[in-house]
Structures are given as C-alpha cells and as structure tokens.
C-alpha cells in the first residue's frame, strides 16, 4: 500500500475505501474463525459425551478427566477441526495486519499532508500528467485487488 506523494488528494480520497475493503475482509475472517472455534467446541462436547457413555469402545479402563481429554485430543475429527481453527486464526491475523497497515497508511497520509502544507515538497512547478497518474492508480488498485483476492482464497 504505497503512497504517491504527488497525488495526496487522490490518496486521501481513496483511503476510506481501502480501509473499508480490508476491514470487511478481516471481519469475514473473524467470523470464520469464531465458527471454526464453535465447531471444535461442539466436536469436543460430542466426543466427551460418547466417551462417557461407552468408555470400553475407546479402551478406557477408568473414566478420569485426563483419560477423556487424551482420547478427545487424539480423535481424528477433533484434530481436523483443531487444524481448521489454527488456519482460520492465521488468516484472521494476516487480515488484521492488513487493517493495521491501512491505519498506518492513514497516519502517514496525515503527516505527508502536513509536510506539503509546510512547503516541504516545494520545487519547480511541473504540469501533472493526469492520464499517467490514472494509469498508475489503476495498476495500484489491481495489485491491491489481487492481495484481497489472495486473502479471500486462503479463507476458502
């Protein structure tokens, strides 16, 4: 998420849209993580109930909390759901990083605007090539779209 110092007006204009896009992705991944956590808890509860009702089929001589927990942790369905939760947490954390990056970008835009107001970037006045800037901005949005698509694909 780079910033074009020569087009701060456009960068500031695009910032809310960018933040909203990544915030929405992060919210979707947060929901996915919570759903995976709930699914894991359900599997754990179901296994606990099955083990307590028929400990012999799980080769448990004496029903203790430790024995039940050990049996649950080695169950294939529990391990699969646990890995799905780990993956969902990772994806959510990556998306949180993208949102934080947008927030840092906002702060940097504010700083650059202040510097611009103090004539920090003053120099010879050269006419802007709007077509070139629009093309550059289009390529930037495509790149950001690819990043967002990658985040969404990792979710699936």
Hey, what D do you get for the range 4-81 in µm²/s if you plug the Kirkwood alpha-carbon radius into Stokes-Einstein at 25 °C and 0.890 mPa s?
152
Taking r as the C-beta separation of residue 3 and residue 89 and R0 as 35 Å, the FRET efficiency to the nearest 0.05 is 0.70
Report, to the nearest 10°, how far helix 76-117 tilts away from the longest principal axis of the Cα atoms in the chain, using its own Cα long axis and a range of 0 to 90°.
20
Consider the candidate values (i) -0.58, -1.38; (ii) -0.63, -1.23; (iii) -0.42, -1.49; state which one is log10 I(q)/I(0) by the Debye sum over Cα atoms at q = 0.11, 0.21 Å⁻¹ computed from the structure displayed.
(ii)
Helix-only estimate, please: 222 nm mean residue ellipticity of the chain, summing -39500 (n - 2.57) across DSSP H runs of length 4 or more and dividing by its residues, to the nearest 500.
-29000 deg cm²/dmol
Taking R0 as 30 Å, what's the FRET efficiency between residue 35 and residue 73 from their Cβ-Cβ distance, rounded to 0.05?
0.90
Nearest-ten-degree value, helix 65-74 long axis tilted from longest Cα axis of the chain
60
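Each reported figure results from applying straightforward, stated rules to the coordinates on display, with no laboratory input. Worth saying up front: this structure is predicted, and the values here are computed from it rather than measured. Methodologically, a virtual Cβ is constructed for each residue, glycine included, from the backbone with ideal geometry; neighbour enumeration extends over all protein chains shown.
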